[in-house]
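This report refers to the structure that appears directly beneath it.
What follows is calculated from the coordinates using simple rules that are stated; it is not laboratory data. Given the structure is predicted, the values throughout are model-derived calculations rather than measurements. Glycine also receives a Cβ, built like all others from the backbone with ideal geometry; neighbour counts cover every protein chain displayed.
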Amino acid sequence: MSMLALLVPLFPLLAGVISFFFRRLPGAFHATISVVLLIPSVVFAIVLFLYVHAHPGVVLRQVIPWLVLPSFSIHVGIQVNALTALMLVIVTFVSILVFMFSYGYLRTDERLSIYYSYLNLFVFSMLALVLSPNLLQLYLFWEMVGLCSYLLVGYWFAKPEAARAARKSFVVTRIGDAGLFAGILLLGFAAGTFNDADYSILARHGTLALPWLSEPYLVTLATLLIFIGAVGKSAQLPLHVWLPDAMEGPTPVSALIHAATMVAAGVYLVAREFPLFAESHVTMTVVAYVGAVTALFASLIAITQQDIKRVIAYSTVSQLGYMMLALGIGAYADGVFHLFTHAFFKALLFLAAGSVIHALGGTQDLALMGGLRRKMPITFYTFLAGALALSGIFPFAGFWSKDAILGAAMAKGDWVLYLLGLIAAFCTAFYIFRVVFLTFAGAPRDEDLHAHAHEGGWVMTVPLVILGLFATFAGFINTPWNDDFLSRFLTATKTPKPIPASYSHWPLTSMAISLAVGLCGIGLAAWMYGGGKGFRKVPSAFKPWYALSRNKFYVDEVYSWTVVRGGKLLAALVDLVDRYLIEGLTRLVGLFFYGIGNVLRYTQTGQIQTYGTFALVGLVVFLVVAVFRVGGVF
Amino acid sequence: MSLATLLQAHLWTTMGPLFVVGMTAIVVMVLELFLPAASRKFIVLLAALGVVVAGVVLVHTMSVPPELSLDTMVSDGLATVSSMLLLATGLLVLLLHLDVNESEEMPRESSFLLLFALVGALAMVTAVNLVALYIGLELLSVSSYVLVALRKRHRQASVEGSMKYLVMGGIGSAVFLYGVSFIYGLTGQTSLYALAQASLSLWQHDAAIAVIAFLLIVVGLGIKLSLVPFHMWTPDAYEGAPSSVAALISTLSKTATFALALRVLVYIFNGGAHDLFPYIAVLAAITMLAGNWLALTQHNLRRLLAFSSVAQAGYLLIPIALFGTASVREWPDLYDNLLFYLAVYTFLTIGAFAVLHLLEHHRDVTMADGLTGFAKKSPWLAASFIVFLLGLAGMPLTGGFVGKFYIFTSTVQTGVLWLGIVLFATSVLSFFYYFGLIRTMFQSPLPTYGDAAQGQAEGRTPVPVATGIVIALCLFGTVALGVVPGILLHPLALVQWF
């Protein structure tokens, strides 16, 4: 079985290598080989899932020593538990559909082989990250995921915005990575191992400490540092700024980043370290509040965006906030459940948006869309399914997972978190149906573009339909009526904090409220944008608020004025120091060494007499030293 | 006792590989007299085959417990592991020689001389008797002197290098022998085991003469190992020698001489190690500093590699120097360190010389600026060269890093941290010139006109099969030892060194 797990990431790696080395071959070859080679990965992932399901609590682990030092050793290998098995299924499944869709979307691109090799590497890194048996290996692949996202976001590097977005995504996530690395080192030093399965056990025994930092503080500090890493990767406040810009990459890449590979890594990390996080009340509270505030904040921004991908991008930030919220209040299984359903409907929304963008010759502006329902029925109905799932309407996937989170917050009695989540849910339903109405309903606002619009062929519609089915039905995997299948699957090995018994009375109430809120959001969207009304003039009373949301609460501007300017100022200062002090010194040192080298060079006369003399002098000097040495021998 | 039983009983275990290589050498020598010049390739391949057979024999004898035959030859851990490394080195050098032989139009003697050098080297690591050791040393040295002179196409430089090597090597042998004669005079013994037992009393009764003997032996070996200030012949010899011979004298003779030095110095002088081995530490430090400094200003690729190998000898000397402070419990670690780094160094150096040979022969490049545009024209070859240079510099993910890292840890453990710091600092210094070369490879060639365009007009450098195999093997060794050093470190940790 563990061999099987090892094979899962190797297939995409193989495909990536093939694509990289056979660049001359046509694009269809690269697309085919990528999809075909990913099929066994999907199958193996499902087999692993079923295996773990059949053996609750099993942990497949296979490691070999990589570096053995007297004090501690580092291992490499793989490890599969319930969470891992689920992640493998999500990642491989979404990836294969994205691989298919990509060919339709980028058919004419010249660098398709490079695109597919990056894409495969991306999937490989993510799978390897998920399978990592310890934090050090995880960190390695964590960085590789970051690198691949950089490469793919900047795929159209000739476009300045794409290059800038790629750089931004890399730099912003690096801030989080620094935190994560510090956390890993802290835990590594405290525990003497990077094997994170041991941490929570050590923490429970009170032995996870350093001479200068006692147990509770260390756990809190380390988990907060790790959480910073997750915040960066999963685009939570205040490091969310990179994700909306990352849509400068090709749309299928956005689908991959938003659904399966990149941002899921952050949530996965927190879920993986959940037992350790659960040891620190402070961290859990921070996680929950960061998640809830992010959920609301991003959904407020999404309301007014005019770029179709930007709306969906902010919706990802917001949904990731829900997952963090769930993990923070101890509803471990619900958070992962939402990750699961979100992967399907978010991939669907992005691919459907990609289908629209493709049909309209590359425009992403909602103002130029409209009336596409009849022209692109498959895209419309699948997008609608995704939108309903995102809004949390019964019986679509998002309904079950989002309600589970809100229900858990309610059951915990944390009304602030619950309300934040609920308002965000309202906004969610509103903004996504605003997109639905503006894109598909009414009359076209740009006749030229509309005239050429068409579906993208079966390579694009098949993934849409499959994802549409999943977005509709995937939620049934975890309902109160099948005793929360997924939660049981996930918690066989994990022990989340017990949810109060009173919870059993709550689901229906909570579900009713969530459903009502979602419907209200849709209703408001229908009232404002339905029937082809298009954009409305903003009433003057709302203008400041509208501008606030439209400009994303000026976070980018604030960063630009503080962090970026400050950074530049600091850089200028450092540059001065570097240029005149450090470089002067290095030059001095360099000159010194070169000088000595030159002097030594003159000893190399080429005369054998000199050589002999030097050897003799060397011998004599040694003998003289021996004679006069302190405690000399003569 | 008949010869046959003698062979079976003892000698086969301790000297089997040596016999096989020696016999091959004689067969090759005789065959060369009769075969036409066109069968050159066949002769070299035959020689390589002999080395492979010797390797098989060696592996076969590994299962037998260590033996001492004739009170002279031994099959202990140091002998077996070093022999293994020497045979691997010999094989790589012969494969490289296949192409060098062709392109340098070397006289036919070259193949059997290479084998005799290998015989000498094997004797140096298996013998535990000062006389036998000295014979091995001389066999290796004399073969090398001749081999350096065989580069027909650059006759003048070749003979000059050989001459300097001969004179300095002669001085080295003489000084070494002088030191050894003191030891013999004091103890009447030539067996290292007997001397090891007498070591403490030697130190207590005749400290003064022991110091002189120690220093003479160190200086004598220092000349062979090209330690500063006894290194001056090195660049000339490297410059004059055919590439395969340059690879030979920088790897084979270094491995053998380091193993010999380790054995002789530790066995004879462990009684006074605490007072004596600091001299070696000083020598190591001087060698690291001066070697790297000299390489820094060098533009000639061969001389640069020569000085770099001087610096590497300094790194390799550290484990021996640490015997001064290490407890007996830590001795195996030092053996591990030395042999691991020797293995890495062998791969790096032979690989670098293989690439350099192709550069010289097919592109006429001898100076560093000739490397411009190399990365673009022959990306694979350039990539291999970069890996070797990075390995020599000690970049992580190459064996060079792991080797230096372990030596550094040993300096910390044995409390000679200052030597570790010199190692670290000079490694940083070495980055300047290794990276200088790498940078040059990526620069586009300067616009040239007329004859000045030498070496840059052609496209991709052709890679002969044998040389390609050598480069691939060295590349594999370098990276494998860097990524999974355990494959060598774990076996080494199990070796019974003495």
Whether segment A:283-370 is rounded, prolate or oblate, judged on the alpha carbon gyration tensor where a/c under 1.5 counts as rounded: oblate
Percent of alpha-carbon pairs separated by more than 14 Å within segment B:114-186: 64
Shape of segment A:176-324, Cα gyration tensor, a/c cut at 1.5: prolate
Rg to Rh, two decimals, where the protein assembly as shown supplies the alpha carbon set and Rh follows Kirkwood: 1.07
Folded to 0 to 90 degrees: helix B:130-148 orientation relative to chain B principal axis, Cα: 10
Average silhouette area of segment A:294-422, convex hull of alpha-carbon atoms, in square nanometres: 7.5
Order of B:T372, A:T382 - criterion: other Cβ atoms within 10 Å of each residue's Cβ, fewest first: B:T372, A:T382
Sparse-neighbour loop sites [chymotrypsin sites (Phe, Trp or Tyr not before Pro); segment A:72-139; at most 16 other C-beta within 10 Å; DSSP]: A:F72
Cleavage-rule hits (trypsin sites (Lys or Arg not before Pro)) in segment B:348-412: DSSP loop, at most 10 neighbouring Cβ within 10 angstrom: none
Order of A:D414, A:D578 - criterion: other Cβ atoms within 10 Å of each residue's Cβ, fewest first: A:D578, A:D414
Value of D in µm² per second that Stokes-Einstein yields for chain A, Kirkwood Rh from Cα pairs, at 37 °C (0.692 mPa s): 124
Segment A:140-188: radius of gyration over Cα atoms, expressed as a fraction of 2.2 N^0.38 Å: 1.32
For segment A:204-272, alpha-carbon Rg relative to the globular expectation (2.2 N^0.38 Å, N residues): 1.47
Cα-projected label distance for B:L68 with A:V620, points at 7 Å along beta-carbon direction, nm: 4.1
Relative pair counts by distance (%), Cα atoms of segment B:3-493, 20 Å bins: 25, 59, 16, 1
At 1.306 mPa s and 10 °C, Stokes D of segment B:211-361 from Kirkwood alpha-carbon radius, µm² per second: 102
Listed pairs A:K168/A:K309; A:K309/A:K346; B:K377/B:K404; B:K164/B:K224 exceeding 21 Å between Cα atoms: B:K377/B:K404
Angle in degrees between helix B:12-34 and the longest Cα principal axis of chain B, rounded to the nearest 10: 40
